[in-house]
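First the structure, in the form of structure tokens, and then the observations on it.
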Amino acid sequence: MNTERTFRADLDRAAEEYLTLNNLKPRGSPYMNIKAVILFTLFICSLLVTLFVSIWFEPLVGFFIAGIGFNIGHDASHYSFSEKLWVNKTLVLFFDWSGVSSTLWEAQHVKEHHEHVNDEKDPDIHQNPFFRLSLHQPRRWWHRFQAWYAIPLYTFSHFSWSLAGDMNSYRKKKVRYRKVSFTPYKHLVFWLGKTFFIFTFIVLPFFFYPPLQAIQGFFLFIGTSGLVTTLIFQPAHAVSGSEFTTAATEPDKWKRQVRETTNFASGNNVTGKVVCWILGGLNHQIEHHLFTLYSHHHYPALAPIVKKICEKHNVPYKSLSFWRAIVSHFKHLNEMGKK
Ligand SMILES: [Zn+2]
């Protein structure tokens, strides 16, 4: 009888063992609740300081909005912030306030990206004709320069996502190949989200500052959040040496998730835990792609367990330092523009 466990079964058994030994639940904990209170407080304070003290604090608002997206919105969209469904459904509305439709995010990120990581259907890879991130995309002449224009375009990513990309997907009721159905509640959330976003971040500063400063402040805010978000998400799957496997070349879906993902500044150590706190576990993307229903604070402890299982099954477990990951992403842009 073949008693060898499959990769997924080994992962599940080890994760269950970790939870049982430490008397933990996969989702929801005081850690997550305290963190949410801290981050929301910092975000509201940064907004008030920007409105009442100086418009030049706008980058701080952009930084905290990205931080809440990483730590709270992302987990809530995966239903992994809390055990309670209504808590996740409420917290994910922060995405709408920040200009990103939670309904379209769920279709694009939670369903399509996680299901098709780095393959020809991954919407994160194929969302923008200005970038060639994968061998599955056709190469155009301008991709040769993509490493050079990446930073300015990344700076506009939040702006274009919230005010153009979302509107386009909403009009088509589609994210790439996936149809998105909008219930009356989802229509309401979409339009209320856009209204709150425009009022809070575009209109409100005009009541406190001269028009030119209010416009400059808005671009400082949205440029910071766009740049920070893109630079944190991109090194997870688009670094030099990415494999771009498909179901044909790697039939095991879970091994494919690991092969196509890279951690940075990760591990069950002080650095791994601090970076995990700040980035909501996005430095542990391997653990996230394997355990999407686990709150991100488990990832540093799960990392050595996952690494050991990957070694047993001969699956490369890639982990870089933060700066190496950033450099490797730009190296990847350069390589994809030329070959
Ligand atoms: Zn995710």
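Output yes when any residue across the stretch 235-251 is of a type outside the set (Ser, Thr, Tyr), in contact with a helix residue (DSSP H, G or I) (Cβ under 8 Å, 6 or more places away or on another chain) and in a helix (DSSP H, G or I), and no when none is. Working first, answer last.
Narrowing the stretch 235-251 to residues of a type outside the set (Ser, Thr, Tyr): 235-239, 241, 243-244, 247-248, 250-251.
Going one step further and asking which of them are in contact with a helix residue (DSSP H, G or I) (Cβ under 8 Å, 6 or more places away or on another chain), we end up with 235-239, 241, 243, 247, 250.
Next, only the ones that are in a helix (DSSP H, G or I) stay: 235-236.
Looking through the stretch 235-251, at least one residue is of a type outside the set (Ser, Thr, Tyr), in contact with a helix residue (DSSP H, G or I) (Cβ under 8 Å, 6 or more places away or on another chain) and in a helix (DSSP H, G or I).
Within the stretch 271-285, count every residue that is within 12 Å of the ligand (Cβ to nearest atom) and either at negative phi or free of Cβ contacts under 8 Å to residues at least 12 places away in the same chain (or both). Quick ask: steps written out before the conclusion?
Our first condition is that a residue be within 12 Å of the ligand (Cβ to nearest atom); within the stretch 271-285, this holds for 280-282, 284-285.
The next check asks that each one be either at negative phi or free of Cβ contacts under 8 Å to residues at least 12 places away in the same chain (or both); those that pass are 282, 284-285.
Qualifying residue count, the stretch 271-285: 3.
Being surrounded by 13 or more Cβ atoms within 10 Å (Cβ to Cβ) and closer than 20 Å to residue 92 by Cβ narrows it down to one of 181, 225, so name that one.
On the way: 181 fails: surrounded by 13 or more Cβ atoms within 10 Å (Cβ to Cβ).
One residue alone meets the criteria, 225.
With the structure loaded, tell me whether residue 180 is at pLDDT below 95, more than 16 Å from the ligand (Cβ to nearest atom) and in the same structural domain as residue 225 (by TED's automatic domain parsing) or whether it fails that test.
On the way: at pLDDT below 95: yes; more than 16 Å from the ligand (Cβ to nearest atom): yes; in the same structural domain as residue 225 (by TED's automatic domain parsing): yes.
Yes.
Does the stretch 93-113 hold any residues that are within 16 Å of the ligand (Cβ to nearest atom) and out of contact with any Phe, Trp or Tyr (no Cβ under 8 Å at 6 or more places or on another chain), and which are they?
Correct list: 94, 106, 107, 108, 109, 110, 111, 113.
Going by what's in this entry, would residue 62 be described as touching a helix residue (DSSP H, G or I) at 6+ places or on another chain (Cβ under 8 Å), within 16 Å of the ligand (Cβ to nearest atom) and either modelled with pLDDT under 95 or outside the structural domain of residue 330 (by TED's automatic domain parsing) (or both)? It would help to see each step written out before you state the result.
Working: touching a helix residue (DSSP H, G or I) at 6+ places or on another chain (Cβ under 8 Å): yes; within 16 Å of the ligand (Cβ to nearest atom): no; either modelled with pLDDT under 95 or outside the structural domain of residue 330 (by TED's automatic domain parsing) (or both): yes.
Considered against the rule, which asks whether it is touching a helix residue (DSSP H, G or I) at 6+ places or on another chain (Cβ under 8 Å), within 16 Å of the ligand (Cβ to nearest atom) and either modelled with pLDDT under 95 or outside the structural domain of residue 330 (by TED's automatic domain parsing) (or both), residue 62 comes out as no.
When you go through 268, 334 one by one, which is the residue that is at pLDDT below 90 and either polar (S, T, N, Q) or part of a helix (DSSP H, G or I) (or both)?
Numbers: 334 fails: at pLDDT below 90.
After applying the criteria, what remains is 268.
Mind checking which residues of the stretch 6-50 are buried (at least 19 other Cβ atoms within 10 Å of the Cβ), within 20 Å of residue 221 (Cα to Cα) and either in contact (Cβ under 8 Å) with a residue 40 or more places away in the chain or among the aliphatic types (A, V, I, L, M) (or both)?
Passing the criteria: 39, 47, 50.
How many residues, within the stretch 252-270, are touching a helix residue (DSSP H, G or I) at 6+ places or on another chain (Cβ under 6 Å) and without any contact (Cβ under 8 Å) to a residue 40 or more places away in the chain?
1
Among the listed residues 307, 331, 338, 312, which satisfies the condition of being of a type in the set (Lys, Arg) and in contact with a Phe, Trp or Tyr (Cβ under 7 Å, 6 or more places away or on another chain)? Don't jump to the end; show me each part of the working.
Values: 331 fails: in contact with a Phe, Trp or Tyr (Cβ under 7 Å, 6 or more places away or on another chain); 338 fails: in contact with a Phe, Trp or Tyr (Cβ under 7 Å, 6 or more places away or on another chain); 312 fails: in contact with a Phe, Trp or Tyr (Cβ under 7 Å, 6 or more places away or on another chain).
Answer to the selection: 307.
Would you call residue 26 in contact with a Leu (Cβ under 9 Å, 6 or more places away or on another chain), away from the ligand (no atom under 16 Å from the Cβ) and either under 21 Å from residue 284 (Cβ atoms) or not small (Gly, Ala, Ser) (or both)?
Working: in contact with a Leu (Cβ under 9 Å, 6 or more places away or on another chain): yes; away from the ligand (no atom under 16 Å from the Cβ): no; either under 21 Å from residue 284 (Cβ atoms) or not small (Gly, Ala, Ser) (or both): yes.
Criteria not met by residue 26.
For the stretch 296-305, which residues satisfy the criterion of being under 16 Å from residue 73 (Cβ atoms) and either surrounded by fewer than 24 Cβ atoms within 10 Å (Cβ to Cβ) or not assigned by TED's automatic domain parsing to the domain that holds residue 252 (or both)?
Within the stretch 296-305, just 297 meets the criteria.
The values are calculated or read from the model by the stated rules, or taken from the named source; none is laboratory data. Bear in mind that the values here come from a model prediction, so they are computed numbers and not experimental data. Cβ sites come from the backbone with ideal geometry, for glycine too, and all protein chains shown count toward neighbours.
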